[in-house]
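What follows is a single structure, written as structure tokens, with notes after it.
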Amino acid sequence: MLFQARPVIFILFFVSIIIVAVSEPPVLDRTYAVALLFYWVFSSLYSHLRVVDKTKNNIPVDYGINYSLSFALFAGPLGLFLFEVLLRLTEHGTKKYLKTAEPDEWLHTLYNIGSFVTFNSLAFAIYSFLAPLFETVPFIGFWLLIFLLVATVSFLTDCCLIVIFYITGDIQTRREALDFIKTRSWADMAKTALTNGLLFLFLQEQRWDMLLSLFLLNYFVSRSFFSKSQSIQHKLERDHFEKMAYTDFLTGVHNRAFMDQTIAKLNGTGEWIGVVVADIDNFKRINDTYNHAVGDEVIRHFTSILRRFLQEEDFLFRSGGEEFTMFLRHRTFEQCIQLVEEMRKAVQRSTVFVDYGTGKQTVSYTSSFGLYFFRAEGTMSIEKAYIYADHLLLRSKESGKNKVSAQCGGAA
């Protein structure tokens, strides 16, 4: 929320008014009116195509091209002020109409007017002072100066935003401030400099056809880029929701739904698979002795041990409360037995440090395993192998717990 930064925003807005008041008024003739119409229409159309991303501090960063510099160089501070007021009020009204406005949208509007007028008016002054010097540089002098202006405006804008974000608490350290500045790439500034430089040249020569062509080109390119960005964003969201649907919230491993999906993919492949069903011994006693929060911590600890022994092509699922299922792949029966034995010993040797009462408490526990090794083909399905592995787990429990019971089944 920007309410905490209201003094900075008001100061910036009033500075822009002072700059306009002391600056030389432009010639507000027909040429200015046509230019204002072009800029207002295409800037308004372009505003909803801006790609806004967020930094790791959840700070929005706008990667769109802004046309204010070229208009400032053409019309001066007062001409720019009239353009910015018209554009920002249009955006404000549109957001209100579409019900997409932020609660403090009026502060956003004041900030945009104040910052763009102030910093681009400074760029106008720098251009007026340095243009004769850069004209002596053949071919690239004009473009070097335009890029210098874009870099200056970008740096001042970032510094102003850092102050505001520091006040609102979104930026708290010097490192975060530097990371925010680094989000501004040289390629983006070069793109902005090229666009504004061309627009300024077309305005000077009153080449309305070329001005329209550049605006249209930028609009269609931006629209294409925006559509692709939206498509990528939607895919990321779908992937995120799919991951949530197939991920156990407590442990972060795959859940039973993903296990069923994996079984469908592996059935009938002819692959030799070690199906392992494991659970924590006397888990109810842990919950009863401590509490369910401690029990959850033990489950997470158990998960971390199991994951430590698995390869990338293996699968680990939380198939029940304290029960886990593993599909061990690309191993022999003997290798599977050895691996599961190492898991059991690692659990037996480990302890969990948990928060209990007023301090830390160590909890020790053991686990039991059932392993059924088979070939997934014919009538022998993974579902049936899972039942066999579950029976082998029960055998481990009945024979004293903290054991591994294993069986090798042949092809059907």
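The values are calculated or read from the model by the stated rules, or taken from the named source; none is laboratory data. What you are looking at is a predicted structure, and each value in this text was computed from that prediction instead of being measured. Counting neighbours? That spans all protein chains shown, and the Cβs are built from the backbone with ideal geometry, glycine included. In case anyone asks, the SASA skips ligands and DNA or RNA and just uses the protein heavy atoms, side chains included. Shrake-Rupley method; radii C 1.70, N 1.55, O 1.52, S 1.80 Å.
For residue 393, only one of the following conditions fails: (1) open to solvent by 70 Å² or more (accessible area, probe 1.4 Å); (2) within 25 Å of residue 287 (Cβ to Cβ); (3) more than 42 Å from the chain's Cα centre (by Cα). What is its number?
(1)
Just a yes or no: is a residue in the stretch 253-267 over 23 Å from residue 329 (Cα atoms), open to solvent by 20 Å² or more (accessible area, probe 1.4 Å) and at pLDDT 90 or above?
So far as the stretch 253-267 goes, no, none of its residues is over 23 Å from residue 329 (Cα atoms), open to solvent by 20 Å² or more (accessible area, probe 1.4 Å) and at pLDDT 90 or above.
What number of residues within the stretch 108-154 are without any contact (Cβ under 8 Å) to a residue 12 or more places away in the chain, open to solvent by 70 Å² or more (accessible area, probe 1.4 Å) and not hydroxyl-bearing (Ser, Thr, Tyr)?
Summing the residues that are without any contact (Cβ under 8 Å) to a residue 12 or more places away in the chain, open to solvent by 70 Å² or more (accessible area, probe 1.4 Å) and not hydroxyl-bearing (Ser, Thr, Tyr) in the stretch 108-154 gives 8.
Filter the stretch 168-193 down to the residues that are of a type in the set (A, V, I, L, M, F, W, C) and surrounded by fewer than 16 Cβ atoms within 10 Å (Cβ to Cβ) and list them by number.
Passing the criteria: 178, 181, 186, 187, 190.
For the stretch 216-239, check the following and say yes or no: at least one residue is farther than 30 Å from residue 406 by Cα, aromatic (Phe, Trp, Tyr), open to solvent by 50 Å² or more (accessible area, probe 1.4 Å) and at pLDDT 85 or above.
no
When you check residue 199 against the structure, is it over 19 Å from the mean Cα position of the chain (by Cα), modelled with pLDDT of 90 or more and closer than 22 Å to residue 151 by Cβ, yes or no?
Answer is yes for this residue.
Quick check on the stretch 373-388: of everything there that is surrounded by fewer than 20 Cβ atoms within 10 Å (Cβ to Cβ) and small (Gly, Ala, Ser), which residue is farthest from residue 298 (Cα to Cα)?
Among those that are surrounded by fewer than 20 Cβ atoms within 10 Å (Cβ to Cβ) and small (Gly, Ala, Ser), it is 378.
Identify, from the list 18, 9, the residue that is open to solvent by 70 Å² or more (accessible area, probe 1.4 Å), outside any loop (DSSP other than H, G, I, E, B) and either at pLDDT 85 or above or in contact with a helix residue (DSSP H, G or I) (Cβ under 7 Å, 6 or more places away or on another chain) (or both).
18
For residue 337, only one of the following conditions fails: (1) among the hydrophobic types (A, V, I, L, M, F, W, C); (2) touching a Phe, Trp or Tyr at 6+ places or on another chain (Cβ under 6 Å); (3) at pLDDT 95 or above. What is its number?
Unmet for residue 337, out of (1) among the hydrophobic types (A, V, I, L, M, F, W, C); (2) touching a Phe, Trp or Tyr at 6+ places or on another chain (Cβ under 6 Å); (3) at pLDDT 95 or above: (2).
Can you tell me how many residues in the stretch 317-334 are open to solvent by less than 10 Å² (accessible area, probe 1.4 Å) and touching a Ser or Thr at 6+ places or on another chain (Cβ under 9 Å)?
Summing the residues that are open to solvent by less than 10 Å² (accessible area, probe 1.4 Å) and touching a Ser or Thr at 6+ places or on another chain (Cβ under 9 Å) in the stretch 317-334 gives 4.
Against the definition (under 42 Å from the mean Cα position of the chain (by Cα) and open to solvent by less than 30 Å² (accessible area, probe 1.4 Å)), how does residue 370 come out, yes or no?
Taking the combined requirement at face value, the residue satisfies it.
Mind counting the residues in the stretch 335-367 that are of a type in the set (Asp, Glu) and open to solvent by less than 70 Å² (accessible area, probe 1.4 Å)?
Number of matching residues: 1.
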